[in-house]
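Participant: My questions all concern the structure below.
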Amino acid sequence: MSIDTIKLPERMDSTTAAAAEQMLRAAMRPGARIIVDGSAVGYMSAAGVRALAGVLHGAEEISARVVFCRFTGPAVDCLEVSGFAQLLEVAESLEEASDRLNSTGGAGSNRLHQRRTAG
């Protein structure tokens with residue numbers, strides 16, 4: 001089965017999030033493998049986070065796999081602050097995302113940023 005790569009818009013806000021979510025949901029089908037490329041996202045609001053959460057929930061319902069990659073700057077901060085980054089399977093590059101989707105294992109729990117531990 002092929003891998004679909006979908007690049008998000010520069011803004012994931014109340015104006016654009018619904019269209020981005022529709023675009024992602026259109027690629028979903030049972031067993032689908034989807035890379036969500038966040039490299040263009042310069043701004044993400046709570047509406048953008050909700051859209052990604054909806055996509056992730058929809059993917060789980062139909063056994064599709066979604067790997068998010070290349071989020072930077074304020075978009076990463078928004079995902080971290082919202083706690084949503086804990087739920088995402090995240091890759092640094094398109095190649096790593098593709099490798100994860102081609103692996104036979106389940107979703108990993110790689111976070112956007114490594115957390116430092118005290119002590």
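Read-outs: derived from the displayed coordinates by stated rules, not from any lab. Worth saying up front: this structure is predicted, and the values here are computed from it rather than measured. We place every Cβ from the backbone using ideal geometry, glycine too, and count neighbours over all the protein chains shown.
Participant: Would you please give the residues with an amide H less than 5 Å from that of Ala40, counting only those at least 5 places away or on a separate chain, with H modeled from the backbone geometry?
Facilitator: Amide H neighbours of Ala40: Leu8.
Participant: Give the relative contact order (percent, whole number) for segment 3-101; include only Cα pairs under 8 Å separated by 6+ residues.
Facilitator: Numbers: 176 pairs, mean separation 30.7, N = 99.
It rounds to 31 percent for segment 3-101.
Participant: Another question, if that's okay. Taking the chain as the region of interest, what is the percent of Cα-Cα pairs per 5 angstrom bin, listed from the shortest bin to the one with the maximum distance?
Facilitator: Spelled out per bin, shortest first, that is 2, 12, 23, 27, 20, 10, 4, 1, 0, 0.
Participant: Using modelled backbone amide H atoms (1.01 Å from N, in-plane), which distant-in-sequence or interchain residues come within less than 5 Å of Asp13's amide H?
Facilitator: Long-range HN contacts for Asp13: Ser45.
Participant: Using label points projected 7 Å from each Cα along Cα→Cβ, tell me how many nm separate Ala26 and Thr72, to one decimal.
Facilitator: 2.7 nm
Participant: HN-Hα J couplings of segment 77-84 from phi, Karplus 6.51/-1.76/1.60, θ = phi - 60°, integer Hz, Gly and Pro as x?
Facilitator: Listing the rounded values in order: 4, 4, 5, 5, 4, 6, x, 5 Hz.
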